[in-house]
Amino acid sequence: MFHASRRTLASIAVCCTLVAAACGSSSKSSSSSSSTASAATAGAKLTGSLNVFAAASLTAAFTDYKKTLEAQNPGLSITNDFAGSQALVTQIENGAPADVFASADMKNMQKLVDKGLVGTPQIFAKNKLEIAVAPGNPKHITSLADLEQSGIVFVLEDPSVPAGNYARQAFQKAGLPAPKPASNELDVKSAIAKIESGDADATIVYVTDVTAAGSKVEGVAIPENQNVIATYPIAVVKATKNPAAAQGYVDGLVNGPGRQALEARGFLPPS
Amino acid sequence: MSLDAIVQVALEDFTLDVELHVDDGELLAVLGPNGAGKTTLLHALSGLRPVDGGRIAIDATVVDDPATARFVPPEQRSVGVVFQDYLLFAHLSALDNVAFGLRARGAGRSAARARAHALLTEVGMHDKASSRPRELSGGQAQRVALARALAIEPALLLLDEPLAALDVQVRVETRHQLRDVLARFPGARILVTHDPIDALTLADRILIMEHGRVVQVGRAEDVLERPRSEYVAELAGVNLYRGRADGCHIAVGRDVVTVADDHHGDVLAVIPPHAVVLHTAPPESSARNVWPGTIAGMERYAGRVRVRLTGTLPIVAEVTVAAATDLGLVEGMQLWAAVKATEIEVHAA
Amino acid sequence: MATRTAPAARRTRPTTDRVPGVVIAGATCAVLFFAIPLLGLVWRAPWSAAWDVLSTPEARTALRLSIQTSLSATAIALVLGVPLAWVQARVAYPGRRVVRALVLLPMVLPPVVGGVALLLALGRHGLVGQYLDHVGVHLPFHFGGAVLAETFVAMPFLVLTVEAAFRSTDRRFEDAARTLGASRLSVFRRVTLPMIRPSLVAGALLCWARALGEFGATITFAGNAPGKTQTLPLFVYVTLEGANSDAAIILSLVLVAVSLAVLVALRDRWLTAL
């Protein structure tokens, strides 16, 4: 059998302590770069790479916007990262290299604002909720109240996801008791997937999601007085390595080709 | 007839074809060189291996008969087996090992354990009842294995080299105990062994197997005194030669062995080692048979020396230690071996 | 025994006993690789809030559910897996290698893919699921679905371990049992199974630990329903996403503690099996 000498074991212990201490100190460092003040001047090209973290419901619109913007700015390379807003917030809090963050609600954005990780958010789009059902609406669902009928299997997003939060607000506004869905999916895409596979009869997602799903789902409108308007804020992440491109991206979204991409996909204008 | 069996099994190198009959209360020892098919024979009798041809009947019940497609599996036969490595179940105590067969056949736990206790006492192991097999010595394990096989009161008891794994000293003791226990067993018993002492002390009859065939069968003393193959001869420690007799001369290879009586045809000549006299120079004597040879090896035991000579007629001589010393016997030495014709036994081959 | 004189001076250890430096370096890095994430959890854990976190009904439900599903999954794995392991080890049939690959598949597939496959097979409109639905067996979003998802990913561990054990048993003991009068089933129950007991326990423990930690297949197939399918790993995830990382850390440590306890117990079993 091998025997390690005492000295060897001691040096290993010292190594461990040093590494642990180093890890401890590095995670406490906060971003030091400040947010940019000036937006890109009209005509000036955006260059470099850009990591865009965006809520899952923005997938189609932001992919279109990326194509347009990259075509207009050949030196620019955009990487889109789509997930539930809450997942993205956690990643950014833990130092993920995002340049821009677009959330599906102010609640999640506020977490980053409070921690000083992002610049001032701007509302760039709005969305509203819709009930998604299987094509042909075989279960004849016409309202929120129908969802709670026996024999109907419906899912919602988890309350930690903006869509899940909004959906529950809608039930409240409709004067219905708190919903008891069969499952709390982790994002709108998963919820839609359950309709497509036939395992759920209905779910509540954004109108844009119903549009994006095309012929795979059908939408049932929720009356205005029950519906919840989702506001989508976007902000530049303070730790960005490409502040010029980040701001240019935001500007284009609020007032440029991005706006067109959003509206084409069914988003409501920010005002 | 307690066991009436014709066992034919096709093996890789040869076909096993053995016929044997063992009465109640009789113990048959089966001897043979490695690979003779002894274990296969036991497997066939116990039902672990169906025969390809022949017929096995235990206590007048046919348990294996390919001709009528009758086959009784081992668990339904009345055969007890003591295996070569004992194969005691490691997760059970000695007591539960012995009780295993009874419980498997439906006995209740306390009844089985009581009977197991009695059997362990019979083999002298009652104080080790709660021990695990790994805590037992070789001799103790052997006795527990025997008790386990006896517990099911089989009609036929098979023992596969039960003493082989034991030290010489322990073997002697255990052999005595085995003899006592076996004496009380009413059924038929077959003991596979390679030790002729086992055969001589325990068996009523012995059966010699070589290459799957029966070479010799009969009373132990008879078989060993009149070996019919080199294997048995070596077992019995005698010199055996095959040759062609013409009157009182037997041609063995290029040599001639002169014997006292007339014989004709193929014969076996047996020369006991103690009848061989060694001379350092060619002797002039009345001995008809004198052959030169070189000492290939010497073994000393019990006040004697067995001297192996190689030559045209290899022979083993047995002399006293004093004689060996006086003659100055060493390996490689050239000697002459002399044997009186009257000392040579001849049997028809 | 003859007495010995004590040696005059202590002998230095021969050089062949020292571990090469390269080996020590590699081993240390490996240990750090495993230890640091765990240390990270322990170091950041808000120990003062631990009791509050663990005593919420959601946390308790998730833990209870996790234990129920993982134990159920292990039970199913034993009932189905042991016979399969036996057949794979003892019976030579055509297609045996294909079956072996099939059994290994869940270990190789990403768990989410496994969940999708289960959904397509056993979901409400699934290949087999559509018939189950008619007879009132609903798996997605139900306890049964969570158990099934966990069984799917964890059973291969049990089958592999037990199959190896069956292969290596000394058949002669089974022969001995048969000559004593035990039927084939009796031999299996009273001799074979006890002989492989250490491996059986090790396999079951591995299976249970894997089932306990399963996430991807559960969420995809069984969904995330508090009280029904929201096992502890799922609950940790949504808690973390709800930006309650403190609670998430505490809950994660519960899982770590349970898993560690199992795996430490497992080590002794492996040694006995040898």
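The numbers here are math on the coordinates, done by the rules we state, and not lab data. Note that the coordinates shown come from a computational prediction; the quantities given were computed from them, not determined experimentally. Using ideal geometry, Cβ is built from the backbone for each residue, glycine included, and neighbour counts are taken over all protein chains shown.
Observations, loosely collected:
- The stretch between residue C:97 and residue C:33, if pulled fully straight at 0.36 nm per residue, gains 19.5 nm over its current Cα-Cα span.
- Backbone N within the range B:5-23 under 18 Å of label point (7 Å from residue B:211 Cα along the Cβ vector): B:8-19
- Relative contact order (%) - the range B:238-348, alpha-carbon pairs under 8 angstrom, separation at least six: 32 percent
- In this structure, the residue pairs whose Cα-Cα separation is over 25 Å, taken from A:115/C:228; A:45/A:66; A:107/C:228; A:126/A:173; A:45/A:128; A:111/A:180, are A:115/C:228; A:107/C:228; A:45/A:128; A:111/A:180.
- Fully extended contour minus Cα-Cα distance, from residue B:111 to residue B:135, at 0.36 nm per residue: 6.1 nm
- Taking one quarter of the surface of the convex hull spanned by the alpha-carbon atoms of the protein assembly as shown gives a direction-averaged projected area of 60.0 nm².
- Longest site-free stretch - chain B; sites: trypsin sites (Lys or Arg not before Pro), DSSP loop, at most 10 other Cβ within 10 Å: B:1-183
- Globularity index of the range B:3-234 is 1.00 (Cα radius of gyration / 2.2 N^0.38 Å, N = number of residues).
- Gained length - residue C:42 relative to residue C:265, 0.36 nm times residue gap less alpha-carbon distance: 78.1 nm
- Of the residues C:126, C:181, C:62, the one whose Cα sits farthest towards the positive end of the charge dipole of the range C:50-273 is C:181 (charges of +1 on Lys and Arg Cβ, -1 on Asp and Glu Cβ, taken about the Cα centre).
- Applied to the range B:263-280, the Karplus parametrisation 6.51 cos²θ - 1.76 cosθ + 1.60 on θ = phi - 60° returns per-residue 3J(HN,Hα) values of 9, 9, x, 6, 9, 10, 9, 10, 10, x, x, 6, 8, 8, 9, 9, 10, 7 Hz, with x for Gly and Pro.
- Scanning residues 5 or more positions from residue B:260 or on other chains, those with amide H under 5 Å from its amide H are B:344, with H placed 1.01 Å from N in the peptide plane.
- Angle in degrees between helix B:109-122 and the longest Cα principal axis of chain B, rounded to the nearest 10: 30 degrees
- Karplus (6.51, -1.76, 1.60) ³J(HN,Hα), θ = phi - 60°, over the range B:165-180, in Hz, Gly and Pro reported as x: 7, 9, 5, 3, 4, 5, 4, 4, 4, 5, 4, 4, 5, 4, 4, 5
- Selected from B:296, B:279, B:342, residue furthest toward positive end of dipole (the range B:238-348; charges at beta carbon): B:296
- Degrees, to the nearest 10: B:138-151 long Cα axis against longest axis of chain B: 60 degrees
- Mean separation of Cα contacts under 8 Å, 6 or more apart, over the residue count of the range B:3-234: relative contact order %: 28 percent
- Percent of alpha-carbon pairs separated by more than 23 Å within the range B:238-348: 26 percent
- Cut-off under 5 Å, modelled amide H: who pairs with residue B:289 long-range: B:339, B:341
- For the range C:174-250, the orientation-averaged shadow of the C-alpha convex hull comes to 7.8 nm² (one quarter of the hull surface).
- For the range B:170-263, the residue among B:263, B:192, B:206 whose Cα projects farthest onto the positive side of the dipole built from Cβ charges is B:192.
- In plain terms, the bigger the Kirkwood radius, the slower the diffusion; for chain C, with that radius from Cα pairs, at 20 °C and 1.002 mPa s, Stokes-Einstein puts D at 98 µm²/s.
- Summed over qualifying helices (DSSP H, 4 residues or more, each -39500 (n - 2.57)) and divided by its residue number, chain C shows a 222 nm mean residue ellipticity of -23000 deg cm²/dmol.
- Label-point separation, residue B:234 to residue C:87 (7 Å along Cα→Cβ), nm: 5.0 nm
- Sequence-separation-based contact order of the range C:50-273, relative, with Cα cut under 8 Å and 6+ spacing, percent: 32 percent
- Across the range B:328-344, computed HN-Hα scalar couplings (Karplus, 6.51 cos²θ - 1.76 cosθ + 1.60, θ = phi - 60°) run x, 6, 9, 4, x, 6, 8, 9, 10, 9, 10, 9, 6, 4, 6, 8, 9 Hz from first to last residue, x flagging Gly and Pro.
- Rounded if a/c under 1.5, otherwise prolate or oblate - the range A:127-229, Cα gyration tensor axes: rounded
- The fewest-to-most ranking of C:195, C:107 by surrounding Cβ atoms within 10 Å reads C:107, C:195.
- Amide H contacts under 5 Å for residue B:30: B:191, B:192, B:193, B:207, restricted to partners 5 or more places along the chain or on a different chain, H placed in the peptide plane at 1.01 Å from N.
- Once both labels are positioned 7 Å from their Cα atoms along Cα-to-Cβ, the gap between residue B:164 and residue A:93 label points is 7.3 nm.
- Computed as a quarter of the hull surface, the mean projected area of the alpha carbon convex hull for the range A:39-136 stands at 8.0 nm².
- In this rough spin-label picture, where each label sits 7 Å from Cα along the Cβ direction, the residue C:197-residue B:286 distance is 7.6 nm.
- Given +1 at the Cβ of Lys and Arg, -1 at the Cβ of Asp and Glu and no other charges, the dipole of chain B around its Cα centre is 1080 debye to the nearest 20.
- Paramagnetic reach from residue B:260 in the range B:289-322 [backbone N under 18 Å; point 7 Å along Cα→Cβ]: B:289-290
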